[in-house]
Amino acid sequence: MMHAHSRTLVSYWDARRRDAAVPARADISASELKAILGNLFMLQRHDASHHVFRLAGTRLCALQNRELREQNFLSLWRGYDRAQMKLLLESVLANRAPANAHAIAETLSGDKIEVELVFTPLASKVGQVDRVLGLYQPLQSPDRFGRRPVIRHDLTKMTLPVTKNWALPASPPPAVPNAANDV
């Protein structure tokens, strides 16, 4: 079951799509997402290993105890989890459909909370699907962290994008060479 804020973001994203597979960045208005604004972030894909924060909400930055703008989202992850998160982001963009993940956020002193992350794809001004509007939603109160920042995220669950739920236009399969003509 998704957190209410996660459902809010996915519903908002779906409503902004109109007739397109994904909404354009210009179709997103922060004023319409006030209730979850502090936990929102926007990423821009530079390449498969660099999904850079263009925007990061105040609650998300406070948990990290730093400004995240211009930082690589994948730097929040390590090892296998980083590789899995990279694949998840690439899948969201390629499939043009939302996905989510759960992780344990931990401070240096060992305090932990579960967080839910939601990723929704967006198109740039030129129509390239290279942005992600996301939500970083703590599932318990992070108040016990005090001013200690989250230093580690451990991925516990991922839900890959499901394109059939979003009625995306079907693309034709790639042409397969005729073996008889290749001789």
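What to note about this one:
- Test for ARG152: is it over 13 Å from the mean Cα position of the chain (by Cα) and outside any strand (DSSP E or B): no
- Of the candidates GLU106, GLU70, the single residue that is touching a strand residue (DSSP E or B) at 6+ places or on another chain (Cβ under 7 Å), at pLDDT below 95 and either under 22 Å from ILE151 (Cα atoms) or not polar (S, T, N, Q) (or both) is GLU106.
- Each residue in region 72-92 was checked for being open to solvent by 70 Å² or more (accessible area, probe 1.4 Å) and part of a strand (DSSP E or B), and 0 pass.
- Of all the numbered requirements in (1) open to solvent by 40 Å² or more (accessible area, probe 1.4 Å); (2) closer than 12 Å to GLY134 by Cβ; (3) assigned to a loop (DSSP other than H, G, I, E, B), ARG69 misses one, and that requirement is (2).
- Within region 93-137, tally of residues that are part of a strand (DSSP E or B) and open to solvent by 40 Å² or more (accessible area, probe 1.4 Å): 4
- Taking residues in region 1-23 that are in contact (Cβ under 8 Å) with a residue 12 or more places away in the chain, and partners anywhere that are open to solvent by less than 20 Å² (accessible area, probe 1.4 Å) and among the acidic types (Asp, Glu), the pairs with Cβ atoms closer than 9 Å and at least 6 places apart or on different chains are MET2/GLU116; HIS3/GLU116; HIS5/GLU116; SER6/GLU116.
- Extreme residue, modelled with the lowest pLDDT, among residues of region 10-66 that are of a type in the set (Lys, Arg) and open to solvent by less than 70 Å² (accessible area, probe 1.4 Å): ARG17
The values are calculated or read from the model by the stated rules, or taken from the named source; none is laboratory data. Values in this document were obtained by computation on a predicted structure and should not be read as measured data. Here the Cβ is made from the backbone with ideal geometry for all residues, glycine too, and neighbour counts use every protein chain on show. The area values use the complete protein model at the heavy-atom level, side chains included, leaving out ligands, DNA and RNA. Shrake-Rupley method; radii C 1.70, N 1.55, O 1.52, S 1.80 Å.
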